[in-house]
1. Starting from region 95-112, take each residue that is on the phi < 0 side of the Ramachandran plot and among the aromatic types (Phe, Trp, Tyr) and list its partners that are surrounded by fewer than 18 Cβ atoms within 10 Å (Cβ to Cβ) and in a strand (DSSP E or B), counting only C-beta distances under 7 angstrom and pairs at least six apart or across chains.
2. Looking at ASN115, ASN129, which is the one that is closer than 19 Å to GLY70 by Cβ and in contact with a strand residue (DSSP E or B) (Cβ under 7 Å, 6 or more places away or on another chain)?
3. Under the condition of being at pLDDT 90 or above and charged (D, E, K, R), which residue from region 127-146 is surrounded by the most Cβ atoms within 10 Å (Cβ to Cβ)?
4. Determine whether ASP114 is buried (at least 19 other Cβ atoms within 10 Å of the Cβ) and part of a loop (DSSP other than H, G, I, E, B).
5. Just one of ARG91, ARG101, ARG46, ARG149 is at pLDDT below 85, surrounded by 15 or more Cβ atoms within 10 Å (Cβ to Cβ) and among the charged types (D, E, K, R); which is it?
6. Kindly indicate whether ASP124 is crowded, with 18+ Cβ neighbours inside 10 Å, part of a loop (DSSP other than H, G, I, E, B) and without any contact (Cβ under 8 Å) to a residue 60 or more places away in the chain.
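The values are calculated or read from the model by the stated rules, or taken from the named source; none is laboratory data. These figures come from a predicted structure and were not determined experimentally. Reconstructed Cβ throughout: ideal geometry from the backbone, glycine too, with neighbour counts over all protein chains shown.
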Amino acid sequence: MPSYFLPRRYVPSKAPLVGFISAGLALDPSPFQRRVTFPIPLGFRRFGMFALQVDGDSMSLPDGGGLPHGCYALVDRRDVLTQYGHVFAFRMPDGSMVVKRLRLRAGRPAMYSDNPAHGPTLLDSSMRNMGRVYATSLDGLHWEHTKYRGWDH
């Protein structure tokens, strides 16, 4: 059968806001009360995407960039390939969520903050990678891609 007769896969145009994600200390894992969805522009749509609201300043940069407190993060739950230098959402053993940049520390994977005031945390088998944070928004309407940061930063 020619490929033009096959049905297209539906890519969602909205991402559900499923909770808060800490950019600092782990947050209370209590359920998120309100059900909100964000319209996602075509270039940012992914299968399995969801949004989290950032709470804390550990991922904000001194120049105001990064993931500031209150912004929204789009997470691609299908992109769990751990590439060092990218930002990921991690589920902690108590169920709370943390957003950090993945890097190596003493040859072991660790969660790093972009804000130099916060130190790294080594990953262990009880922490689960929930997906890569690939876009952020201050208002839930205008999205921009999350930047990769190599070792020199």
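1. Close Cβ pairs satisfying both conditions: TYR112/ARG103.
2. None of the others qualify; the one that does is ASN115.
3. ARG132
4. Criteria met by ASP114.
5. Result: ARG149 is the single residue among ARG91, ARG101, ARG46, ARG149 that is at pLDDT below 85, surrounded by 15 or more Cβ atoms within 10 Å (Cβ to Cβ) and among the charged types (D, E, K, R).
6. No; evaluated as a whole, the condition is false for this residue.
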